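Structure first, commentary second.
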Amino acid sequence: MQSSVLFKSWGTFNKGMNAKSMLLSFANHLEYSLSKDQYTATQRDMYHALALAVRDRMVERWIHTQQNYYLQDVKRVYYLSAEYLMGRVLVNNLVNLGIYEEARKAMEEIHLDLNDLAEQEPDMGLGNGGLGRLAACFLDSLATLEIPAYGYGIRYEFGIFDQAIKNLEQFELPENWLKFGNPWEIPRPEYTFNVHFYGRVKQTTDSEGRLKSEWIDTSK
Amino acid sequence: MMDRIQYADPFMVLADFSAYCKAQQTIDEWYRDADTWVRKSIVNVARIGKFSSDRTIREYNEDIWKATPLHITREGS
């Protein structure tokens, strides 16, 4: 495949796992993804640029993994949960990629503290407690055990509330976690499905004896 | 806040408070005996092992999903 040659040469420039390559990628994102320079970039911009640099390295591996699943036609597991408490992911992703130290060095070179940048990330609080945290742990374990799997969740606009105490009472403030954009997500607006309410499930057996479920009599 | 806990207590926050205090007193006694405390600490940590989500997922996969793990190498394809 000819395009793979292109990907390979781009890869050595853009997606290396050392501090120098990370810094190049970071600068590239700061300028071309965020349109900022050293005078206008805020700490949040720096965090976003680093997150995008880290994401590039994950995207490359993600595509490679999906290609392997497809080519070897493996059985996949789909984990559905209404809640996920993933927490903040920058440092987690750096550690799992094995490049925390290289990223720290890259940021140090331009007098930025990796921990300060990590503090910029809002908490992805898409759950209430134990159930959501368990779902997140399950995804970690699926990865650890190398089981081909996906987690499906709900992209709530607001996470679990920000707590404020006034006159000895709790006030729940909305956690507007998407306010400044989310560098970790890739929208796919071309994939949309209408979900109808109500109805019932009709189960039938096909000619090869497999159970088929159909959702019928829904509202329009 | 105290009034709500003392006179209403809708979530029964104080329902087991005396039992909790009693248990804490027993813990204080154990803590004074360093050997007992160390032994209990180690046994407690060791027994947490069973509650690993890795074990849960491994069992789900063996009993229900039956998916084959796939090791992905950087080279290949």
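The values are calculated or read from the model by the stated rules, or taken from the named source; none is laboratory data. What you see is a predicted model, and the numbers here were worked out from it, not measured in a lab. Please note: Cβ atoms are built from the backbone with ideal geometry, for glycine as well, and neighbour counts cover all protein chains shown.
State the number of residues belonging to segment A:115-149 that are part of a loop (DSSP other than H, G, I, E, B), in contact (Cβ under 8 Å) with a residue 24 or more places away in the chain and within 10 Å of chain B (Cβ to nearest Cβ). Can you show your working first?
Here is the first cut: in segment A:115-149, the residues part of a loop (DSSP other than H, G, I, E, B) are A:119-124, A:127-129, A:145-148.
Still in the running and in contact (Cβ under 8 Å) with a residue 24 or more places away in the chain: A:120-124, A:127-129, A:147-148.
Narrowing the set further to residues that are within 10 Å of chain B (Cβ to nearest Cβ) leaves A:147-148.
Going through segment A:115-149 one residue at a time, the tally reaches 2.
What number of residues within segment A:56-82 satisfy the criterion of being in contact with a strand residue (DSSP E or B) (Cβ under 6 Å, 6 or more places away or on another chain) and either more than 7 Å from every other protein chain (Cβ to nearest Cβ) or exposed (fewer than 14 other Cβ atoms within 10 Å of the Cβ) (or both)?
So the first thing to find is which residues in segment A:56-82 are in contact with a strand residue (DSSP E or B) (Cβ under 6 Å, 6 or more places away or on another chain), and the list is A:77-80.
Now drop any that are not either more than 7 Å from every other protein chain (Cβ to nearest Cβ) or exposed (fewer than 14 other Cβ atoms within 10 Å of the Cβ) (or both), which leaves A:78-80.
Residues that pass the stated criteria total 3.
What number of residues within segment B:23-70 are within 14 Å of another protein chain (Cβ to nearest Cβ), modelled with pLDDT under 95 and surrounded by 10 or more Cβ atoms within 10 Å (Cβ to Cβ)?
1
Residue under question is A:L114, and the condition is that it be in contact with a Lys or Arg (Cβ under 7 Å, 6 or more places away or on another chain), at negative phi and surrounded by 14 or more Cβ atoms within 10 Å (Cβ to Cβ); does it hold?
Values: in contact with a Lys or Arg (Cβ under 7 Å, 6 or more places away or on another chain): yes; at negative phi: yes; surrounded by 14 or more Cβ atoms within 10 Å (Cβ to Cβ): yes.
Yes: the conditions hold for A:L114.
Looking at A:E101, A:E121, can you tell me which residue is surrounded by fewer than 17 Cβ atoms within 10 Å (Cβ to Cβ) and under 19 Å from A:S25 (Cβ atoms)? Break it down into steps so the answer makes sense when it comes.
Numbers: A:E121 fails: surrounded by fewer than 17 Cβ atoms within 10 Å (Cβ to Cβ).
Result: A:E101 is the single residue among A:E101, A:E121 that is surrounded by fewer than 17 Cβ atoms within 10 Å (Cβ to Cβ) and under 19 Å from A:S25 (Cβ atoms).
Do you know which residues across segment A:156-167 are free of Cβ contacts under 8 Å to residues at least 24 places away in the same chain and either surrounded by fewer than 12 Cβ atoms within 10 Å (Cβ to Cβ) or not hydrophobic (A, V, I, L, M, F, W, C) (or both)?
Once the filter is applied, which keeps residues that are free of Cβ contacts under 8 Å to residues at least 24 places away in the same chain and either surrounded by fewer than 12 Cβ atoms within 10 Å (Cβ to Cβ) or not hydrophobic (A, V, I, L, M, F, W, C) (or both), segment A:156-167 yields A:E157, A:D162, A:Q163, A:A164, A:I165, A:K166, A:N167.
Failed condition for B:T73, given (1) of a type in the set (S, T, Y); (2) surrounded by 11 or more Cβ atoms within 10 Å (Cβ to Cβ); (3) within 14 Å of chain A (Cβ to nearest Cβ), with all others met?
(2)
Determine whether segment A:176-188 contains at least one residue that is of a type in the set (G, A, S) and without any contact (Cβ under 8 Å) to a residue 40 or more places away in the chain.
To start, the set of residues in segment A:176-188 that are of a type in the set (G, A, S) comprises A:181.
This time we only want the ones that are without any contact (Cβ under 8 Å) to a residue 40 or more places away in the chain, so: none.
Checked against the condition, which is being of a type in the set (G, A, S) and without any contact (Cβ under 8 Å) to a residue 40 or more places away in the chain, segment A:176-188 yields no hits at all.
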